[in-house]
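Working notes, beginning with the structure itself.
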Amino acid sequence: MLCYIRIRWALGEKIIENNLAIGKSSDLNNNIDILYRRVETHVNNAKISIVKSINTEMVKAYWLIGRDLVIHEQEGEDRAEYGKSIIKEVSKRLQKEYGRGFSARTLFDARKFYIKYQKISEVRKVQTVSAQFKCPEFSNKLSWSHYIELINI
C-alpha cells in the first residue's frame, strides 16, 4: 500500500512543497529522518542567529555604557578617583541586579571601548557632534571579547 504525505516548508517568501511517497515502514522512517534533519537545521540556524543578535546587542550596550560613564565622569572634580569609585558602585549595583557580565573590569573596558571607538570615528571625520554620541553599527561577526582584544592592541 502506497500513500502520499504533502509537506510544506515556508522559507521566507517561498513555499516549498514536497510529496513524500510512503510505502513500507522503513520508507516512512527514512522520510521522517529527512524531515527531522530539515527541521533540525532550521532550529539550529535560528539559534545561531539569536546568539549573533544577542552578541551584537550586548556590544551596543557596552558601548552605550562606556559613553555614559565617560560623559558622567567628565562632570566630576577629580576624574581619576571619582571615575573609579563611580564605576565600582555602578558595577556593584548591576551585578546585584543582573549577575555576571558587569564587573568593574568590564565597565572599565566599556569605557575604554567607547573612547577608542570614538577616536576611530574622529578619523572617519564624523560630521556632527550628535553623530559622535549615536551608537554605531557593529558587526555581528565579532563578540564583546573580540572587541576587547582589538582595543588592547
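Taking a threshold of 21 Å on the Cα-Cα distance, which of the pairs Lys60/Lys112; Lys52/Lys116; Lys116/Lys141; Lys84/Lys112; Lys92/Lys116; Lys52/Lys92 fall above it?
Pairs exceeding the cut-off: Lys52/Lys116; Lys92/Lys116; Lys52/Lys92.
Under the 0.36 nm per residue contour assumption, what length would be gained going from the current alpha-carbon distance of Leu150 and Lys60 to full extension?
30.8 nm
Please turn the phi angles of segment 38-51 into ³J(HN,Hα) values with the Karplus equation 6.51 cos²θ - 1.76 cosθ + 1.60 (θ = phi - 60°), one per residue in order, whole Hz, x for glycine and proline.
5, 5, 4, 4, 4, 5, 5, 4, 5, 5, 4, 5, 5, 4
What distance in nm separates the simple spin-label points at Ile115 and Lys141, each placed 7 Å from Cα in the Cβ direction?
Each label point lies 7 Å from its Cα, and together they span 2.9 nm.
If neighbour count is taken as other Cβ atoms inside 10 Å, put Leu94, Leu150 in order from fewest to most.
By the 10 Å Cβ count, ascending: Leu150, Leu94.
Going by how many other beta carbons lie within 10 Å of each one, how would you line up Tyr36, Tyr147, fewest first?
In order of increasing Cβ crowding within 10 Å: Tyr36, Tyr147.
Tell me, Thr41, Thr106 in order of fewest to most beta-carbon neighbours within 10 Å?
Taking fewest neighbouring Cβ atoms as first place, the list is Thr41, Thr106.
None of the figures in this text is laboratory data; all of them are computed from the coordinates on show. Since the structure is predicted, the reported quantities are computational estimates derived from the model, not experimental observations. For neighbour counting, all protein chains shown are included, and Cβ atoms are generated from backbone atoms with ideal geometry for every residue, glycine included.
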